[in-house]
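The values are calculated or read from the model by the stated rules, or taken from the named source; none is laboratory data. Quantities reported herein were computed from a predicted structural model and do not represent experimental measurements. As a convention, Cβ positions derive from the backbone with ideal geometry for all residues, glycine included, and neighbour counts pool all protein chains shown.
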Amino acid sequence: MNAIKNKAAEQVTPPGKSLFQSLQGFIASIKFSIILLTCIALGSIIGTIIKQGVGPDEYLSLYSEHTYQIINLLGLNDVYHSPWFIALLFLFAINLTLCTVRRFMPAFKGSKKASVPEESAMMDMSMSFRASTSIDDAHLFSILKGYRISYSGVEGKVFQKGVLSKYGVLFIHTSIMLILIGGFVGLVAGFKGFMVLHKGDTKNTITIGGEKPYEKPLGFSIKCKEFQVSFYPNGAPKDYVSTVEVIENGKIIFEKQIRVNEPLSYKGVHIYQASYGSAPSFTFTIGGERVSLREKEAYRNDNISLMPIRFEQDIHNFGPGIMVAYLEQGEPRTVWFVKNIERFNEKIIQGVPVRFVDIQENIYTGLSVSRDPGIWIVWAGFAFILFGLYINFFQYYRRIYIRNIAGGYLVAGIAIKNKEAFKKEFEMLREKLNGIPS
Amino acid sequence: MAFHHKILGIVTLLYLCLFFIHLIFFAFKKEKIVAVMWPLLYGTLGLHTVGLILRWLESYRHGMGHAPLSNFYESLVFYAWCVSLIVVFMKKRLNYPAITVCATVISLFLMGYASISPSVDRNIQPLVPALQSNWLHIHVLTCFLAYASFAVSFISGFLYMFTWKNVIPPRDILDEINYRSVVVGFPMLSAGIFTGAVWAHYAWGSYWSWDPKETWSLITWIVYAVFLHARLMRGWKGKKIAILSIVGFASVIFTYFGVNFILSGLHSYAT
Ligand code: HEM
């Protein structure tokens with residue numbers, strides 16, 4: 001039934017249609033979807049061959065200047081966000097919508113009431129038989145397992161099974177639209193950023209990457225109380241765990257351990273264990289006070305302000321050193337501290353004695369932070385597609401007609417898909433009812 | 001050598017045996033030989049299962065218990081297992097020696113490659129944190145069952161190109177097998193992609209990041225979607241469909257092997 005209906009709908013340009021109508025027909029055709037899907041696939045392939053989203057230097061080391069210009073012009077350095085790729089997806093969404101609407105409109109408008117065909121028509125069907133006993137309903141229902149009655153009258157009955165399977169394709173295609181919509185919602189209303197926390201740090205913003213990275217306030221703060229990495233005996237990482245507190249309006253809301261595969265969720269924001277690393281921190285005594293500073297972390301008090309700005313593992317074979325910036329009468333100055341050399345590890349800055357005491361490796365945790373309000377639409381799309389695929393491929397629609405005739409009754413059956421399986425089922429039915437092939 | 005390695009070694013030999021039994025059949029065309037074939041395949045699949053379970057148990061003895069689905073060696077052995085499983089599952093349709101011999105060759109190749117290639121690490125390795133998830137099992141299972149169904153689709157598309165009376169099944173039957181295996185494989189691949197996406201959401205915070213392996217699985221998915229539509233709506237049959245199933249499988253191979261060897265990305269730890 002469906003296949004026949006579609007054949008008619010597929011006629012792209014019936015004679016006498018205007019250009020507009022035939023264009024409309026084309027946009028809603030399967031031919032167009034096959035073309036679009038092929039283009040989307042080809043575009044995706046390009047995106048896996050050409051490295052995505054790296055700087056110009058990397059491209060120029062791989063390709064000639066001329067090729068790089070073409071890559072840049074066509075947006076091949078970021079295929080999946082390039083205008084033409086998005087346009088393809090957009091066209092695909094339109095095509096899919098039109099196609100689905102056109103395919104299912106007739107089904108919703110005019111679903112004809114089932115009726116029992118004429119005796120002669122039933123005899124002509126490829127699957128039919130007659131039985132000469134009488135039959136009671138209870139017996140019939142017990143034989144026709146899973147069937148529902150769709151028509152019942154004095155002349156006979158119509159049974160059907162697998163009605164849902166007719167809507168499998170509708171489920172599949174609307175779900176694809178759901179996934180596209182969910183993805184779009186996530187793109188527009190969601191964000192994805194990054195947060196680096198040393199033990200003890202508290203932050204209420206995340207860094208959103210891209211061409212111009214910026215800081216985005218979260219609305220609450222995250223404090224890293226502890227971070228631990230454990231390893232297998234062979235040295236491979238086993239577990240990363242950040243113990244964090246969620247703090248809002250100065251109150252600790254809760255504490256949780258974040259691991260890979262076990263994110264934290266709060267107010268629709270998910271926080272994931274993404275990476276870790278270590279950064280040195282430098283211990284100074286500044287006028288007698290012990291202070292630990294990281295690179296680019298400023299120290300200020302009434303008398304002095306300074307900031308370690310550059311760390312070197314080894315300075316002229318004298319060991320590790322740190323360049324410190326400070327202000328001298330409003331003028332920025334820098335000075336090197338070298339840890340292992342007496343002469344170079346103590347300086348008087350603005351009259352305050354500063355001594356470089358120690359270096360410590362500080363481990364930090366990298367958390368990826370994202371919010372995606374479209375996620376549940378996408379999940380629903382996934383679930384519906386799988387359901388739709390199941391009913392479309394593993395269920396099928398069939399009907400059984402029963403007509404009362406003189407001296408008994410006549411039974412006929414039809415199925416559009418999966419005829420071979422239905423034939424077997426029908427044959428069993430005939431044996432149970434002691435039917436005689438007609 | 002660990003016990004599971006011995007068992008899987010025997011399994012490889014059994015696949016080789018199966019292959020020779022087919023050759024003998026093609027030489028003498030005695031139906032009796034085919035009658036031996038199926039019980040032997042069941043036995044092989046059974047032992048293959050035992051091998052996988054033993055490896056699973058063994059991993060607990062090393063204090064890092066995880067299903068044998070986590071490195072390249074394990075995925076090859078698991079793929080071979082899935083191919084046999086699908087063949088047994090579709091036994092009624094696939095009851096043609098020309099088809100089973102191809103499936104056997106695929107399993108044999110996968111097992112042989114897994115146990116011989118110097119580039120494959122056969123030890124049980126610990127799971128890196130990203131893989132420590134229950135989604136791993138369902139994701140790998142669905143993907144590889146899909147790949148195995150597509151292998152069957154490929155076999156029928158490949159055989160379609162040849163004729164050999166009484167050995168290669170008639171073309172309309174090959175066409176039907178091709179469609180039926182895609183009908184199994186397509187929902188499986190969809191489930192594989194979706195479970196992967198859900199997992200990625202929990203592990204990395206985004207369900208889709210255009211990583212090469214993800215992208216290639218999408219490409220494969222599209223090829224088979226085109227296959228289904230071309231067949232259903234444009235009425236493609238026969239040779240065109242056979243070619244599409246070969247293209248589809250090429251894409252599967254690239255998704256599975258090519259991406260690991262040629263492109264790099266989140267999934268590259270799978271090598
Ligand atoms: C990636 C996207 C798509 C997927 C995964 C998909 C999936 C499917 C599946 C699985 C079927 C059932 C095939 C069968 O029973 O053998 C189907 C049928 C169909 N699809 Fe799609 N589809 C997609 C896109 C489209 C688009 C864009 C259109 C419209 C232009 C479309 C139109 C149809 C039609 C008309 C049918 C036939 C239904 C029938 O008569 O049973 N599909 N699709």
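For segment A:382-436, filtered to residues that are of a type in the set (A, V, I, L, M) and in contact with a Gly (Cβ under 6 Å, 6 or more places away or on another chain), the residue that is farthest from B:Thr195 (Cα to Cα) is A:Ile402. As for segment A:364-377, it holds at least one residue that is more than 14 Å from chain B (Cβ to nearest Cβ) and either farther than 30 Å from A:Lys417 by Cα or in contact with a Pro (Cβ under 8 Å, 6 or more places away or on another chain) (or both). Is there a residue being closer than 21 Å to B:Ile138 by Cα, in the same structural domain as B:Leu8 (by TED's automatic domain parsing), touching a residue at least 60 places away in the same chain (Cβ under 8 Å) and hydroxyl-bearing (Ser, Thr, Tyr) anywhere in segment B:94-109? No, segment B:94-109 has no match at all. Considering only residues that are away from the ligand (no atom under 16 Å from the Cβ) and among the aliphatic types (A, V, I, L, M), look in segment A:370-379 and name the one that is nearest to A:Ser175 (Cα to Cα). So, considering only residues that are away from the ligand (no atom under 16 Å from the Cβ) and among the aliphatic types (A, V, I, L, M), the one nearest to A:Ser175 (Cα to Cα) is A:Ile377. Only one entry of A:Ser33, A:Ser126, A:Ser22, A:Ser120 meets the criterion of being small (Gly, Ala, Ser) and assigned to a loop (DSSP other than H, G, I, E, B), and that entry is A:Ser126. If you check A:Ser281, A:Ser265, A:Ser230, A:Ser292 for being farther than 30 Å from A:Val185 by Cα and free of Cβ contacts under 8 Å to residues at least 60 places away in the same chain, only one passes: A:Ser230. Restricting A:Met125, A:Met105 to residues that are more than 14 Å from chain B (Cβ to nearest Cβ), over 24 Å from the mean Cα position of the chain (by Cα) and within 15 Å of the ligand (Cβ to nearest atom) narrows the list to A:Met105. No other residue among A:Gly219, A:Gly193 is surrounded by fewer than 15 Cβ atoms within 10 Å (Cβ to Cβ), under 28 Å from the mean Cα position of the chain (by Cα) and in a strand (DSSP E or B) apart from A:Gly219.
Counting only residues that are surrounded by fewer than 15 Cβ atoms within 10 Å (Cβ to Cβ) and modelled with pLDDT of 85 or more, segment A:347-359 holds 3 of them.
A:Lys267 passes every criterion in (1) in contact with a Gly (Cβ under 8 Å, 6 or more places away or on another chain); (2) within 23 Å of A:Tyr240 (Cα to Cα) apart from (2). Here is the figure for segment B:191-209: residues that are more than 7 Å from chain A (Cβ to nearest Cβ), touching a His at 6+ places or on another chain (Cβ under 7 Å) and away from the ligand (no atom under 15 Å from the Cβ) total 3.
Determine whether A:Leu140 is away from chain B (no Cβ under 14 Å) and away from the ligand (no atom under 16 Å from the Cβ). Yes; evaluated as a whole, the condition is true for this residue. Considering every residue within segment A:171-178, establish whether at least one is more than 16 Å from the ligand (Cβ to nearest atom) and touching a Leu at 6+ places or on another chain (Cβ under 9 Å). No, segment A:171-178 contains no residue that is more than 16 Å from the ligand (Cβ to nearest atom) and touching a Leu at 6+ places or on another chain (Cβ under 9 Å).
Any residue at all in segment A:387-405 that is away from chain B (no Cβ under 14 Å), more than 16 Å from the ligand (Cβ to nearest atom) and either under 30 Å from B:Ala146 (Cβ atoms) or more than 53 Å from the chain's Cα centre (by Cα) (or both)? Yes, segment A:387-405 contains a residue that is away from chain B (no Cβ under 14 Å), more than 16 Å from the ligand (Cβ to nearest atom) and either under 30 Å from B:Ala146 (Cβ atoms) or more than 53 Å from the chain's Cα centre (by Cα) (or both).
Is it the case, given these coordinates, that B:Leu174 is within 14 Å of the ligand (Cβ to nearest atom), among the aliphatic types (A, V, I, L, M) and either more than 9 Å from every other protein chain (Cβ to nearest Cβ) or not in a helix (DSSP H, G or I) (or both)? When the stated conditions are applied, B:Leu174 does not pass them. Identify all residues within segment B:210-236 that are part of a loop (DSSP other than H, G, I, E, B) and more than 13 Å from the ligand (Cβ to nearest atom); write none if there are none. Within segment B:210-236, B:Trp210, B:Asp211 meet the criteria.
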